[in-house]
Amino acid sequence: MIQNAQILFPVNVPAPFDYAVPAGISVSAGDFVFAPIGKQIKLGVVWSVGQAEAGRELKEIVQVKAAKPLSGDLLKFLSWTASYNVGSLGQVLRMVMRNYKALDPSPIVTLYMPTENPPKNLTPARRAALREGGPFPARASEIAARAGMSPGVVKGMVKAGAMQAIEGPVDAPFDIPNPDLLGKELTTAQSEAALDLAAQVRRGDFNVSLLDGVTGSGKTEVYFEAVTEALRRGQQVLVLVPEIALTQAGLSRFKDRFGAEPAAWHSQMGEAPRRRVWREVAQGRAKLVVGARSALYLPFPNLGLIVVDEEHDTSYKQEEGIIYNARDMAVVRGKISGHAVVLASATPSLESLHNARSGKFAHIVLPERPGAITLPDIGLIDLKEHQPEKGDFLSPPLLQSVSEVLGRREQAMLYLNRRGYAPLIICRSCGEKLKSPDTDSWLVQHKRTGRAMCHLTGFSMPMPRRCPECEAEDSLTPVGPGVERVAEEAMKHFPDAKIEVFSSDTAGNPAEIAARLKRMEEGQIDILVGTQMVVKGHNFPKLTFVGVVDGDLGLAGGDPRAGERTYQTLVQVAGRAGRADKPGHALIQTHQPEHEALVALAAGDRDMFIGMELAMREMLGLPPFGRLAAVIISGPELAKVKSLAEKFARLAPRTEGVEILGPSEAPIGRLRGCFRWRLFIQAEPQVNLSRYMAVWKAKLRPPSKYKIQIDIDPQNFM
Ligand code: ADP
């Protein structure tokens with residue numbers, strides 16, 4: 001009897017291929033193997049093993065790689081991810097296998113570290129190597145790069161008795177976190193929540209808890225206790241955070257609590273740190289991983305807990321390649337591996353709240369901030385009634401509040417989720433608006449850099465002096481505010497105040513970000529004007545006032561979650577105010593003071609808002625009461641995209657309980673030169689929408705350069 005094996009390659013293929021297992025080789029599911037595909041020999045993963053049909057000619061596996069196999073749970077999770085999100089299984093495997101070198105043990109090299117008693121009379125360069133070259137032990141080239149010298153200096157220090165050379169792995173293992181260090185002394189409410197969470201972990205089976213606590217209530221301190229419990233059980237822990245919360249300050253909190261730097265994972269990482277984290281996770285040695293959404297696809301052999309912090313955050317949705325929502329997939333991973341999952345937020349998604357209310361998730365609530373600190377009170381400013389001066393954006397009541405705050409020597413923050421100076425540049429002479437060259441998007445004026453930029457594609461050009469259309473000189477005029485313009489206006493009103501802009505354009509490298517946050521924390525900034533960069537997790541003890549420049553910004557457009565998003569963002573923004581011993585205050589400028597999201601915010605009545613939103617969603621059959629999917633059809637020629645979309649729509653399988661909307665042009669009708677059309681599919685809850693979409697998708701293969709993308713449970717309606 002000949003054994004065969006189904007091998008999946010990390011390329012865009014829907015399923016594994018069959019191979020013969022040659023005599024003398026034995027393989028099991030999860031093994032890494034080399035096998036021929038086309039004219040190449042490629043590394044793939046054994047998906048399953050069976051008996052070959054007699055008489056079938058199969059290519060043979062060439063070699064089994066000596067590496068730890070992927071676990072059965074992980075294979076199951078990958079299959080689940082692919083079928084739920086209607087993506088190719090090979091592409092899902094690619095999310096796991098991006099680092100072939102991580103499959104090998106770390107090479108042993110010469111590393112250098114300071115001796116216990118370095119001689120006193122060292123040259124300045126050698127002293128710098130000791131002072132700035134760490135963390136040690138490290139390679140001579142790393143130490144030299146960090147301290148700004150040549151590697152020869154480092155090597156020369158061995159003879160001088162200032163450094164010692166040791167043999168060690170290039171990628172050092174992570175320090176082991178210590179669950180027995182003492183955390184902050186918890187309040188009664190926090191202790192109860194922490195005990196509940198720890199008990200969920202101790203059960204050792206699949207369960208989900210929604211940790212629902214107002215901003216600043218100590219959710220992090222509380223879920224640390226769940227982390228502790230899993231670490232004590234010898235298990236690995238994954239804490240997912242939104243990408244922009246992966247700052248040094250954020251990681252330091254873990255280090256302070258557990259005495260060891262966690263393994264950090266995010267999309268901007270270099271090859272070497274990526275390889276290190278992957279290998280250490282796969283070997284089960286990295287016990288605590290803090291990462292952005294793709295960390296969910298690391299090969300943990302012994303996962304005991306996943307925490308999804310800020311579970312409502314839209315950055316958990318991956319919008320390119322395999323489109324998936326890491327928050328939802330975290331729950332699936334917990335279910336497959338049989339462990340606890342904690343979703344934490346001050347503003348949980350309606351889906352999670354619905355699951356908590358219906359008893360599917362345990363609901364653990366932290367209703368207040370520790371100590372005597374109260375939540376900020378929130379007021380609305382009706383812009384129809386309180387108009388800013390002509391050409392300005394800050395209304396008199398908002399300016400009045402800032403002025404009072406500055407008078408008390410406290411800090412103010414002005415929030416506007418718009419980078420740059422002005423979101424639109426218009427020609428006063430001919431009325432033309434500056435547009436991105438190959439994308440349906442207006443160019444944004446950036447005064448600081450003197451450029452006009454497309455925020456969708458990153459295209460930018462120097463700000464022109466003449467209108468590109470009518471050639472009129474000096475006729476281009478900024479329309480509307482961005483953070484730079486708000487800062488300019490604040491300077492006009494408060495010339496003595498120290499004002500800084502904080503957005504992804506001005507943030508700079510991690511060290512500069514940390515320095516700016518520190519200046520804010522220490523009170524060296526009076527008014528911080530910021531985008532969503534300022535919303536996440538920072539604690540500014542002297543910040544007592546938050547002004548929202550445009551409360552209506554998120555409400556426009558066809559997104560059914562617009563109200564929910566606006567509510568969540570504004571609660572988080574307002575929650576920055578009044579964290580220490582001073583009460584906070586927030587004002588929201590709006591043209592729609594009657595909008596239910598804003599009314600509920602001002603009334604501090606979340607239950608009212610959630611009740612209304614859920615009722616509305618139920619009536620319209622929207623999630624969590626119905627299911628949604630989107631299809632984006634894109635390609636280089638408009639007419640072909642349109643006819644492809646229409647053809648695809650005609651092929652929709654007929655099923656009870658499914659309604660198809662469109663096709664129509666997407667709001668962003670052209671992106672990087674590709675035209676875009678789309679369809680929406682709304683289904684009743686009992687419909688298996690993934691299977692439906694998979695059947696449909698299989699009916700039409702788009703011509704090359706054209707794409708049909710399926711988005712299950714879309715978050716993005718552009
Ligand atoms: P959340 O995640 O709910 O916004 P955090 O866990 O970040 O809240 O806590 C907010 C701030 O309050 C942090 O600086 C935290 O260290 C502090 N804090 C929370 N609970 C306590 C406590 N029991 N004792 C002392 N400080 C606390």
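The values are calculated or read from the model by the stated rules, or taken from the named source; none is laboratory data. Quick caveat: nothing in here was measured; it's all calculated off a predicted structure. No Cβ is skipped: glycine too gets one built from the backbone with ideal geometry, and neighbour counts run over all protein chains shown. Only protein heavy atoms, including side chains, enter the accessible area calculation; ligands, DNA and RNA are left aside. Shrake-Rupley method; radii C 1.70, N 1.55, O 1.52, S 1.80 Å.
Annotations
- Selection status of Met113, surrounded by 16 or more Cβ atoms within 10 Å (Cβ to Cβ), more than 31 Å from the chain's Cα centre (by Cα) and not small (Gly, Ala, Ser): yes
- Test: Leu181 is assigned to a loop (DSSP other than H, G, I, E, B) and surrounded by fewer than 16 Cβ atoms within 10 Å (Cβ to Cβ): yes
- Filter pass, Ser349 being away from the ligand (no atom under 16 Å from the Cβ), polar (S, T, N, Q), closer than 26 Å to Gly584 by Cβ and touching a Leu at 6+ places or on another chain (Cβ under 9 Å): yes
- Residue match in the range 520-537 (condition: open to solvent by 50 Å² or more (accessible area, probe 1.4 Å) and of a type in the set (Asp, Glu)): yes
- Of the residues making up the range 257-316, just one is of a type in the set (Lys, Arg) and within 16 Å of the ligand (Cβ to nearest atom), namely Arg257.
- Any chance Val444 is touching a His at 6+ places or on another chain (Cβ under 7 Å), buried (at least 21 other Cβ atoms within 10 Å of the Cβ) and either closer than 30 Å to Arg409 by Cα or free of Cβ contacts under 8 Å to residues at least 60 places away in the same chain (or both): yes
- Some residue of the range 239-249 being under 22 Å from the mean Cα position of the chain (by Cα), under 26 Å from Glu319 (Cα atoms), more than 16 Å from the ligand (Cβ to nearest atom) and free of Cβ contacts under 8 Å to residues at least 24 places away in the same chain: no
- Residues in the range 193-227 that are charged (D, E, K, R), near the ligand (Cβ under 8 Å from one of its atoms) and touching a residue at least 40 places away in the same chain (Cβ under 8 Å): 1 in all.
- If you go through the range 254-287 and keep only what is outside any helix (DSSP H, G or I) and either surrounded by fewer than 24 Cβ atoms within 10 Å (Cβ to Cβ) or polar (S, T, N, Q) (or both), you end up with Gly259, Ala260, Glu261, Ala264, His266, Ser267, Gln268, Met269, Gly270, Gln283, Gly284, Arg285.
- Some residue of the range 126-141 being open to solvent by less than 30 Å² (accessible area, probe 1.4 Å) and within 16 Å of the ligand (Cβ to nearest atom): no
- Among (1) touching a helix residue (DSSP H, G or I) at 6+ places or on another chain (Cβ under 6 Å); (2) open to solvent by 80 Å² or more (accessible area, probe 1.4 Å) - the single one Phe77 does not satisfy: (2)
- Of all the listed residues (Asp392, Asp377), the sole one being at pLDDT below 95, of a type in the set (Asp, Glu) and either under 25 Å from Thr506 (Cα atoms) or under 33 Å from the mean Cα position of the chain (by Cα) (or both) is Asp377.
- Test: residue in the range 577-590 that is within 16 Å of the ligand (Cβ to nearest atom), under 30 Å from Gly523 (Cα atoms), open to solvent by less than 50 Å² (accessible area, probe 1.4 Å) and assigned to a helix (DSSP H, G or I): no
- Checking each residue in the range 301-321 for being part of a loop (DSSP other than H, G, I, E, B) and open to solvent by less than 10 Å² (accessible area, probe 1.4 Å) picks out only Glu311.
- Within the range 500-527, being closer than 20 Å to Asp581 by Cα and either within 16 Å of the ligand (Cβ to nearest atom) or in contact (Cβ under 8 Å) with a residue 24 or more places away in the chain (or both) holds for Leu517, Lys518, Met520, Glu521, Glu522, Gly523, Gln524, Ile525, Asp526, Ile527.
- Residue check for Glu471: part of a helix (DSSP H, G or I) and either at pLDDT 95 or above or at positive phi (or both): no
- Of all the residues in the range 2-35, those that are in a strand (DSSP E or B) and of a type in the set (Val, Ile, Thr) number 2.
- Conditions (1) surrounded by fewer than 17 Cβ atoms within 10 Å (Cβ to Cβ); (2) in a strand (DSSP E or B); (3) without any contact (Cβ under 8 Å) to a residue 40 or more places away in the chain: number failed by Glu646: (2)
- Qualifying residue in the range 175-186 (condition: under 30 Å from Leu570 (Cβ atoms) and either of a type outside the set (Gly, Ala, Ser) or more than 11 Å from the ligand (Cβ to nearest atom) (or both)): yes
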